[in-house]
Every structure is written in structure tokens, then in C-alpha cells.
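The values are calculated or read from the model by the stated rules, or taken from the named source; none is laboratory data. Because the structure is predicted, anything quoted here is derived from the model rather than measured. Counting neighbours? That spans all protein chains shown, and the Cβs are built from the backbone with ideal geometry, glycine included. Side chains included, ligands, DNA and RNA excluded: accessible areas come from the protein's heavy atoms. Shrake-Rupley method; radii C 1.70, N 1.55, O 1.52, S 1.80 Å.
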Amino acid sequence: MHSTDSGTGGGAISRRTWLSLCWALGGAVLLVTARGILSVLSYRPETPARRYELPAPSTVPHKGPGFWVDRDPRGWFAFSDICPHLGCEPEYSRERNAYLCPCHGSRFGEGGRFLSGPAGKDLPRVRISRTDTGLLLVEPGETVSADYRLPVKTEEEAS
């Protein structure tokens, strides 16, 4: 004869119920973990939709609100100061001639080119143009290709 009472006071749960609860808990933990990992991997920092006017900087790279402005022989260019990994702001190190992300150690070279670390890609290039009055106009919310340059306009800008 089988007894349904295990002799432990009647409040015990069956092995099947216990295993079902363990599987359910494990599945919930796995789901929460996967969601967290996916949110980190799919992170897209918000970029300001503002436009900034500035005179041609006398020294480069020049830090602006949400961007860097730089110049090479082909012209002016600008790139975001938001690390594509998790949205931290890399800082420029003149000694290393590199942009260093203080959060997770990503390194970017001249023009925001990816060198190493978890970011895995360049700092995004953003639109730079010229106003009617000759000022540089930077739009951090508008990305452009890495080849985009604004030609140097005057001898003063070229030096």
C-alpha cells in the first residue's frame, strides 16, 4: 500500500514539484542574464541634436560639447566624443597621441580611429560644415563617412 504522507509533517513538496521549481527559477535567471547581455551589446548612445558654431581652432584636436574637431592635410573633420562601447567620454592624451576611454580602456588614435579595447569600432564621424559667416558648424547628431572633410578655407586655417 502506498502512502501519500512522507512522514515529514505533510508540508513537504514532491520531488517533481521541487525540480519543476528549480527549472523555472533557472530559466528566469537565464532570461534576465541574456536580457542584460543583449542590452549591453546593443547599446546606442544618444547624441545631441544640437548644432555648434565655432571659429577655426588654433590648436587641434579641439574639444567641443559632444565632439572633437581636428584637421589633416585634406581638411577639417569632426567626430563624436562618445565611446561606442558604453557611452563614456574618451579623453585626449597628448603624450600618447590617443583618445583614452576611462571606463573600460578602449583606445582611439588620430581622428578617433579604433586601436584597442572593447569598443571594437571607431568614434563616429559627425558632420562639419561652414556657416555663411565663415565659422565652422558641427552637428554631433549627424554622422558622415570617415572620408568626409571640410576643405581648409584660408591660409590662417591651414597653419
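Residues that are more than 12 Å from G111 (Cα to Cα) and touching a residue at least 40 places away in the same chain (Cβ under 8 Å) were ranked within segment 76-88; the one that is surrounded by the most Cβ atoms within 10 Å (Cβ to Cβ) is C83.
Listed here are the residues, each with its yes/no results for (1) open to solvent by 70 Å² or more (accessible area, probe 1.4 Å); (2) assigned to a helix (DSSP H, G or I); (3) touching an Asp or Glu at 6+ places or on another chain (Cβ under 7 Å).
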site: D70; (1), (2), (3): no, no, no
site: P102; (1), (2), (3): yes, no, yes
site: G120; (1), (2), (3): no, no, no
site: V126; (1), (2), (3): no, no, yes
site: S129; (1), (2), (3): no, no, no
site: E139; (1), (2), (3): no, no, no
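If you go through segment 91-136 and pick out every residue that is within 21 Å of R51 (Cα to Cα), in contact (Cβ under 8 Å) with a residue 12 or more places away in the chain and not aliphatic (A, V, I, L, M), you end up with 9. The set of residues in segment 72-92 being over 20 Å from the mean Cα position of the chain (by Cα) and farther than 17 Å from S145 by Cβ consists of P73 alone.
Here the condition is being part of a loop (DSSP other than H, G, I, E, B), of a type in the set (D, E) and either on the phi > 0 side of the Ramachandran plot or modelled with pLDDT of 80 or more (or both); of E46, E89, E53, it holds for E89 alone.
For G111, the stated conditions hold: it is on the phi > 0 side of the Ramachandran plot and open to solvent by less than 60 Å² (accessible area, probe 1.4 Å). In this structure, G134 does satisfy being assigned to a loop (DSSP other than H, G, I, E, B) and open to solvent by less than 30 Å² (accessible area, probe 1.4 Å).
Inclusion of S106 among residues that are polar (S, T, N, Q) and touching a strand residue (DSSP E or B) at 6+ places or on another chain (Cβ under 6 Å) is not warranted. Looking for something closer than 20 Å to T143 by Cα and in contact with a Ser or Thr (Cβ under 6 Å, 6 or more places away or on another chain) - is there at least one such residue anywhere in segment 85-98? Yes, the conditions are met somewhere in segment 85-98.
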